[in-house]
Structures are given as C-alpha cells and as structure tokens.
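Participant: The following block contains the structure, expressed as structure tokens.
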Amino acid sequence: MESKSEQMLRNPEIEPSYDVIATALGEANNAYIEFIGTLASHDIHIDWRYYNDGKAWLAKGLFNWTGARGGQHETTVFWLSIWDGFFKVTIYVPEKFRSDVMNLPLNHEVKRMIDGTPQMGKLKYFPVVFDMRSNEQFAAVFLLADFRKYIK
C-alpha cells in the first residue's frame, strides 16, 4: 500500500492549516476531512508539530486515558503525514502483538502487508503504513487504531 511520492509540508514557517493541507492533497482532501471528522468517535485527536529530524510537519494521533489510580495518560496511536495527492497513516505495533493483529477481522491484502512487514531494527515494533487517497481503507485503519489504543 506504499507508493513513492513527494512529502509535503516541509516549510517550518507554514503551519498545516486546512487550506494548506487541501492544496497538497488535491482530490484526496475529501477523504482527509472525513478521516479527521471520524477521529472524535474513536476518542483520538491529532497534534501537529514540525520535526527537525525529518524536516516536515507530522501529526500524532493521540488517545488520552485515565489509569487505574486516576492518572492521566496519553498514547500515540498513529502518525499522519501529508504527501502530494494523499496522506499517509502509519501505525507502529509492538512485535509481540503481531499474531493478535493477524487475528483481527482485516481483509486479506492488509494481513498480507502486515505479515510481510519486518520489525524495525532494535525497536521491536513493525509499521503498518496506509496511503490514503479515499475512504476505502478507513475500516482497517480504525480497527488497527482501536487495537493500538489499548496495548503497551
């Protein structure tokens, strides 16, 4: 599901407003608006920041929760980046949960992608990357995001 293209939002002086994002995404902007609108129903909000190491604006999909003793916690569920004509959603899943992810009701193509994704070096995570041009993959993304919210 990955493709080669140019990552947008590279200027640290230009924050990712709806107009800037709409210009970069083109026809995929409707899918982006629908995606952002759906996040609230999954208790996820996004936080945009400019990252000097990657020289681009990235959004973290964050889930806030209250621990057993009342402490407030925050989990990064996914990373979102804007590319020329699409947006990319990357979910990092701990390697020890790969078999659990494979048991989720995902379509065959997504399972094959997950099965073929190598672990990231010493980090013990594997990335699941979706190139989003439409809402076709929303079910898989939100199923994985909801799964990711509750694992450590």
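The values are calculated or read from the model by the stated rules, or taken from the named source; none is laboratory data. What you see is a predicted model; the values in this text were computed from it and never measured. All Cβ positions, even for glycine, are placed from backbone atoms using ideal geometry, and neighbour counts span all protein chains on display.
Participant: For segment 91-105, does any single residue satisfy the condition of being among the hydrophobic types (A, V, I, L, M, F, W, C) and over 21 Å from A145 (Cβ atoms)?
Facilitator: Looking for residues that are among the hydrophobic types (A, V, I, L, M, F, W, C) and over 21 Å from A145 (Cβ atoms), one finds none in segment 91-105, hence no.
Participant: Also, I was wondering about something else. For segment 85-98, indicate whether the set of residues that are in a helix (DSSP H, G or I) and of a type in the set (F, W, Y) is non-empty.
Facilitator: yes
Participant: Of L80, L39, which residue is modelled with pLDDT of 95 or more, closer than 15 Å to F130 by Cα and of a type in the set (A, V, I, L, M)?
Facilitator: L80
Participant: Give the number of residues within segment 84-96 that are crowded, with 16+ Cβ neighbours inside 10 Å and either of a type in the set (D, E, K, R) or more than 17 Å from the chain's Cα centre (by Cα) (or both).
Facilitator: 1
Participant: A further question follows. Just one of (1) over 27 Å from A24 (Cα atoms); (2) at pLDDT 95 or above; (3) among the hydroxyl-bearing types (S, T, Y) trips up T117, so point out which.
Facilitator: The one condition T117 does not meet is (2).
Participant: Oh, and also: So which residues in segment 108-152 are within 13 Å of the chain's Cα centre (by Cα) and basic (K, R)?
Facilitator: Passing the criteria: R148, K149.
Participant: Let me ask you something else. Starting from segment 59-79, take each residue that is over 12 Å from A145 (Cβ atoms) and list its partners that are of a type in the set (A, V, I, L, M), counting only C-beta distances under 6 angstrom and pairs at least six apart or across chains.
Facilitator: Going by the 6 Å Cβ cut-off, the qualifying pairs are A59/I46; A59/L80; E74/L62.
Matching residues to (1) surrounded by fewer than 15 Cβ atoms within 10 Å (Cβ to Cβ); (2) part of a helix (DSSP H, G or I); (3) in contact (Cβ under 8 Å) with a residue 40 or more places away in the chain:
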{"site": "E27", "(1), (2), (3)": "yes, yes, yes"}
{"site": "A31", "(1), (2), (3)": "no, yes, yes"}
{"site": "G37", "(1), (2), (3)": "yes, yes, no"}
{"site": "I46", "(1), (2), (3)": "no, no, no"}
{"site": "D53", "(1), (2), (3)": "yes, no, no"}
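Participant: Residues in segment 54-73 that are at pLDDT 95 or above and on the phi < 0 side of the Ramachandran plot: how many?
Facilitator: Of the residues in that region, 8 qualify.
Participant: Another question, then. Considering every residue within segment 140-151, establish whether at least one is small (G, A, S) and modelled with pLDDT of 95 or more.
Facilitator: Yes: one or more hits.
Participant: Please go through segment 61-79 and pick out each residue that is in a strand (DSSP E or B) and either of a type in the set (V, I, T) or surrounded by fewer than 18 Cβ atoms within 10 Å (Cβ to Cβ) (or both).
Facilitator: Correct list: L62, N64, W65, T66, Q72, H73, E74, T75, T76, V77.
Participant: Moving to a separate point now. Only one of these is surrounded by 12 or more Cβ atoms within 10 Å (Cβ to Cβ) and in a strand (DSSP E or B): F130, F142, F147. Name it.
Facilitator: Just one listed residue meets the conditions, F130.
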